[in-house]
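Asks: Here it is, the structure, as structure tokens.
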Amino acid sequence: MQTAQHTLPEGFWQQATALVLIVLALLMLLAMIGTGGPLLASLHSALKWMLGWSLLLLPVVTVYLAVAIFSAENNRLPVIVILATILFMGEIAGFIHLFSGDPAINSADGGGFVGYGVASSMLSILDEKTAGLVLAVMALITSLLVLKLSPLAVVNWFINLFKREVSTED
């Protein structure tokens, strides 16, 4: 006797993961405004301890990843995109931590535990302003990788912001 087989459509688990990411982003937003109950309050406290003020970007990044999963071939994101997104959050946390009070102190008021680790590592080899510049450039490059944008396209866009149209009126 044969047992019935249940097969899932291709990409089911990736799409389910994307939906979970969207729900998590919504839950993070609820936690940020102080609603949702004790579980969300604890989640918010833990994420704030870990990421500090860069936590504000997390729902946006999470929704972006979900949309990227839906639009990716076979609903699969390349591993480099996931790793670059994690790196981006660490760079932003480190940058925020550098310029929020004393970067030598681990505090959720700055970049959290992650920001403290990144900032401490950078400050061991660079001064505060140089470390900030390096982290900002690294975050820019990492975000371009995740967003699939060419640095030249961004530079050209920026230059075009300041170009004047030449009038042909005599």
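Asks: Just to check your reading of the model, which residue among Phe95, Phe70 is closer than 27 Å to Gln14 by Cβ, out of contact with any Phe, Trp or Tyr (no Cβ under 7 Å at 6 or more places or on another chain) and assigned to a helix (DSSP H, G or I)?
Replies: After applying the criteria, what remains is Phe70.
Asks: Aromatic (Phe, Trp, Tyr), in contact with an Asp or Glu (Cβ under 9 Å, 6 or more places away or on another chain) and either modelled with pLDDT of 95 or more or open to solvent by 70 Å² or more (accessible area, probe 1.4 Å) (or both): does that describe Trp13? Walk me through it before giving the result.
Replies: Working: aromatic (Phe, Trp, Tyr): yes; in contact with an Asp or Glu (Cβ under 9 Å, 6 or more places away or on another chain): no; either modelled with pLDDT of 95 or more or open to solvent by 70 Å² or more (accessible area, probe 1.4 Å) (or both): yes.
It is false that Trp13 is aromatic (Phe, Trp, Tyr), in contact with an Asp or Glu (Cβ under 9 Å, 6 or more places away or on another chain) and either modelled with pLDDT of 95 or more or open to solvent by 70 Å² or more (accessible area, probe 1.4 Å) (or both).
Asks: Any residue in the range 48-56 that is among the small types (Gly, Ala, Ser), more than 30 Å from Glu128 (Cα to Cα), open to solvent by less than 70 Å² (accessible area, probe 1.4 Å) and part of a helix (DSSP H, G or I)?
Replies: Within the range 48-56, none of the residues are among the small types (Gly, Ala, Ser), more than 30 Å from Glu128 (Cα to Cα), open to solvent by less than 70 Å² (accessible area, probe 1.4 Å) and part of a helix (DSSP H, G or I).
Asks: Could we say that Glu73 is open to solvent by 80 Å² or more (accessible area, probe 1.4 Å) and not β-branched (Val, Ile, Thr) here?
Replies: Yes; evaluated as a whole, the condition is true for this residue.
Asks: Do we find that Ala46 is in contact (Cβ under 8 Å) with a residue 60 or more places away in the chain and not basic (Lys, Arg) in this structure?
Replies: no
Asks: Right, something else. Name every residue in the range 27-40 that is assigned to a helix (DSSP H, G or I) and surrounded by 14 or more Cβ atoms within 10 Å (Cβ to Cβ), in order of residue number.
Replies: If the condition is that a residue be assigned to a helix (DSSP H, G or I) and surrounded by 14 or more Cβ atoms within 10 Å (Cβ to Cβ), then Leu27, Met28, Leu29, Leu30, Ala31, Met32, Leu40 are the ones that fit.
A quick yes/no check of all residues on (1) of a type in the set (D, E, K, R); (2) more than 23 Å from Leu55 (Cβ to Cβ); (3) in contact (Cβ under 8 Å) with a residue 60 or more places away in the chain; (4) exposed (fewer than 11 other Cβ atoms within 10 Å of the Cβ):
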| position | (1), (2), (3), (4) |
| --- | --- |
| Asp102 | yes, no, no, yes |
| Gly117 | no, no, no, no |
| Ile125 | no, yes, no, yes |
| Ala131 | no, no, no, no |
| Val137 | no, no, no, no |
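Asks: Restrict the check to the range 73-88 and report whether at least one residue is more than 30 Å from Leu8 (Cβ to Cβ) and modelled with pLDDT of 95 or more.
Replies: Let us first name the residues in the range 73-88 that are more than 30 Å from Leu8 (Cβ to Cβ), namely 87-88.
With modelled with pLDDT of 95 or more added as a condition, the list becomes 87-88.
Yes, that holds for at least one residue.
Asks: Just to be sure before I move on: is Asn106 in contact with a helix residue (DSSP H, G or I) (Cβ under 6 Å, 6 or more places away or on another chain), over 23 Å from Leu152 (Cα atoms), open to solvent by 20 Å² or more (accessible area, probe 1.4 Å) and modelled with pLDDT under 95 in the structure I sent?
Replies: Considered against the rule, which asks whether it is in contact with a helix residue (DSSP H, G or I) (Cβ under 6 Å, 6 or more places away or on another chain), over 23 Å from Leu152 (Cα atoms), open to solvent by 20 Å² or more (accessible area, probe 1.4 Å) and modelled with pLDDT under 95, Asn106 comes out as yes.
Asks: Let me ask something else about it. Answer with yes or no whether Lys129 is among the basic types (Lys, Arg) and under 30 Å from Thr17 (Cβ atoms).
Replies: no
Asks: In this structure, does Thr3 turn out to be β-branched (Val, Ile, Thr) and assigned to a helix (DSSP H, G or I)?
Replies: It is false that Thr3 is β-branched (Val, Ile, Thr) and assigned to a helix (DSSP H, G or I).
The values are calculated or read from the model by the stated rules, or taken from the named source; none is laboratory data. Since this is a predicted model, take the numbers as computed values, not measurements. No Cβ is skipped: glycine too gets one built from the backbone with ideal geometry, and neighbour counts run over all protein chains shown. These area figures cover heavy atoms from the full protein model, side chains too; ligands, DNA and RNA do not enter into them. Shrake-Rupley method; radii C 1.70, N 1.55, O 1.52, S 1.80 Å.
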